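Below is one structure, written out as structure tokens, with a few remarks after it.
The values are calculated or read from the model by the stated rules, or taken from the named source; none is laboratory data. Keep in mind it's a predicted model, so treat the numbers as computed, not measured. Neighbour counts run over all protein chains shown; Cβ positions are idealised from the backbone, glycine included. These accessible areas exclude ligands, DNA and RNA; they are computed on the full protein's heavy atoms, side chains included. Shrake-Rupley method; radii C 1.70, N 1.55, O 1.52, S 1.80 Å.
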Amino acid sequence: MADSAMTATFLAVIGGASLLAVTARRLRPSDRLPSLEGWALADRSLGPVWTWLLLGGTIFTAYTFTAVPGLAYGNGAAAFFAVPYTVIVCPIAFVLLSRLGEVARRHGYITAADFVRGRYGSPPLALVVALTGILATMPYLALQLLGIRAVLTAGGVYPRGATGDLVMVALFAGLAVATYRHGLRAPTVISALKAVAVFVSLTAVTWLVLERLGGPGAVFDGAAERLGGPALLLSPQQQPAYATLALGSALALLMYPHVLTAGFAADGPRTLRKVVVALPAWTGLLALFGFLGIAALAAGVRAPEGGAETAVPMLVDRLMPGPLAGLVFGAITVGALVPAAVMSIAAATSFVRNVYVEYVHPTATPKRQVRIAKAVSLTAKVGAVAFVFGLRDQDAVNLQLLGGVWILQIFPAVAVGLFTGRLHPRALLAGWGAGMLAGTFLVVREGFSSLGSGPFQIYAGLVALLLNLTVALAGTAALERLGVPRGADLTDLPSRLTVRRRPETGANNP
């Protein structure tokens, strides 16, 4: 049971987040008429600091902060694939996110499907990109609630039964109201509190854990004794899984609608490049969380069977004084509010722009689009709460694993399309279908594991992506040979990948 000091600190952090959400309208106030761009992207006005806070707060979620150390607690070294994965993201984002953000700003695109619609002139391809994004986002949104519940339960802050469910609903109710009224500005201002609370609390927790357990050497020795020495090292059989999971996850992350939404809100590509260079600070934070999973092993924490994600919260509850423990639990809870809000905004925007306006009400006014987006965003949050209360935790995890495989299948249409328009939209559709079917089959066949069986395990999403690209390339060759027409390209991007030389430097640029 939580003591009063822990509860008071926890409520102070949550109360601070609520107060910040109320002030969101003061963030770059605008006298413009209501528009989807203003509500969903904060009028594309965020500078480097705000963009760094929002993008980092969106990518590094509450579930990440509990799942990675939980995986380290149960499986050892394999859990640290998340660290190179988030490192790999940075150079890829430096190229892709800044280029896509620049094109989106120039043409008024709000979603990845908008770009695909303009690049290929294919409404069906844009539709499947939008629906895939929504489908992959919903279980990810539900996982934020699971992360909160795991943390609060371990800390004794989550009451049993209906009372605990009401606490969860109350936490998200404030977020839902703020997001409904202020759009992306609400999670943007909350992200500032998230960054301060998480960085401060994690630094303090790590320092205290090292002091209590005798330093990093003693921590790893104790963990090796509990888990077994080899488990703290990657075996040759694990290395392909580790490498492909890191690479595939990095490619998939930049296709998620909520990450692109946070990126599109920047005030220009220069800002995005600055932000991406500074993102590794968040990766260092994630590495410390993974280390705490090892520390939980060394400290003798006994997480319940099937609940390894509670290991670090239990460690915090055991070793930390009440106020610091409350700060940690509050920080992780706020860590769920930022990505949850951005995810609901991104899903709502994709629905309005690429389903509602395209197929239901093409003449919808900007004001009506905002009204529909607000309603869909609210529905997404309610659906996530119902999902968590109505299904087992493992069901949400399984669907999120599938979501990662699914979202990777739009990579050819979006990322490859930034550099070449040579792929035929019908071939891309066929490749998407083949990748979705193959990825789903591989994951389900392995009992909802994204890694195949056998001596060398490979990430299923990457296997499906390779099939996707193969079908798209072969299909493009066949369709061009048959003379099948394609839609008009409305972007100003080159139709093929070219390399041009800068006279003043001699550098090659795509």
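Report whether or not R44 is among the basic types (K, R), under 29 Å from F351 (Cβ atoms) and at pLDDT below 70. Against the criterion (among the basic types (K, R), under 29 Å from F351 (Cβ atoms) and at pLDDT below 70), R44 does not qualify.
Kindly check whether there is at least one residue in region 284-295 that is under 14 Å from the mean Cα position of the chain (by Cα), modelled with pLDDT under 90 and at negative phi. So far as region 284-295 goes, yes, one or more of its residues are under 14 Å from the mean Cα position of the chain (by Cα), modelled with pLDDT under 90 and at negative phi. Limited to region 133-162, what total is found for residues that are more than 25 Å from V68 (Cβ to Cβ) and either at pLDDT 90 or above or not in a helix (DSSP H, G or I) (or both)? Selection size over region 133-162: 4. Checking region 406-426 against the condition returns no match, with no residue being free of Cβ contacts under 8 Å to residues at least 12 places away in the same chain, of a type in the set (D, E, K, R) and surrounded by fewer than 24 Cβ atoms within 10 Å (Cβ to Cβ). Considering A488, A434, A472, A430, the condition of being modelled with pLDDT of 70 or more, open to solvent by less than 30 Å² (accessible area, probe 1.4 Å) and in contact with a Gly (Cβ under 6 Å, 6 or more places away or on another chain) is satisfied by A472 alone. Would you confirm, using the coordinates I've provided, whether E309 is more than 23 Å from T9 (Cα to Cα), of a type in the set (D, E) and either modelled with pLDDT under 80 or surrounded by fewer than 22 Cβ atoms within 10 Å (Cβ to Cβ) (or both)? So E309 does not fit the description; no.
Would you confirm, using the coordinates I've provided, whether G248 is small (G, A, S), modelled with pLDDT under 90, assigned to a helix (DSSP H, G or I) and out of contact with any Pro (no Cβ under 6 Å at 6 or more places or on another chain)? Answer is yes for this residue. Taking region 265-278 as the range and being within 17 Å of the chain's Cα centre (by Cα) and either open to solvent by 10 Å² or more (accessible area, probe 1.4 Å) or among the small types (G, A, S) (or both) as the test, only A265 passes.
Figure legend. Inter-residue proximity from region 340-368: first residues at pLDDT below 90, second residues of a type in the set (D, E) and open to solvent by 10 Å² or more (accessible area, probe 1.4 Å), beta-carbon distance below 9 Å, spacing 6+ or different chains. Indicated pairs: P366/E37. Residues in region 7-26 that are at pLDDT below 70 and surrounded by fewer than 18 Cβ atoms within 10 Å (Cβ to Cβ): V22, T23, R25, R26. Please tell me if F65 is crowded, with 24+ Cβ neighbours inside 10 Å and under 14 Å from the mean Cα position of the chain (by Cα). Considered against the rule, which asks whether it is crowded, with 24+ Cβ neighbours inside 10 Å and under 14 Å from the mean Cα position of the chain (by Cα), F65 comes out as yes. Would you confirm whether any residue within region 187-209 is at pLDDT 85 or above and basic (K, R)? No, that holds for no residue. Pairs meeting the criteria (first residue in region 84-99 and farther than 17 Å from I410 by Cα, second residue in a helix (DSSP H, G or I) and open to solvent by 40 Å² or more (accessible area, probe 1.4 Å), beta carbons under 7 Å, at least 6 apart or on different chains) are V87/P280; I88/L247; C90/P280; F94/R273; S98/R273. Whether a residue is touching a residue at least 40 places away in the same chain (Cβ under 8 Å), assigned to a helix (DSSP H, G or I), closer than 16 Å to V151 by Cα and among the hydroxyl-bearing types (S, T, Y) was assessed, and T66 passes this test.
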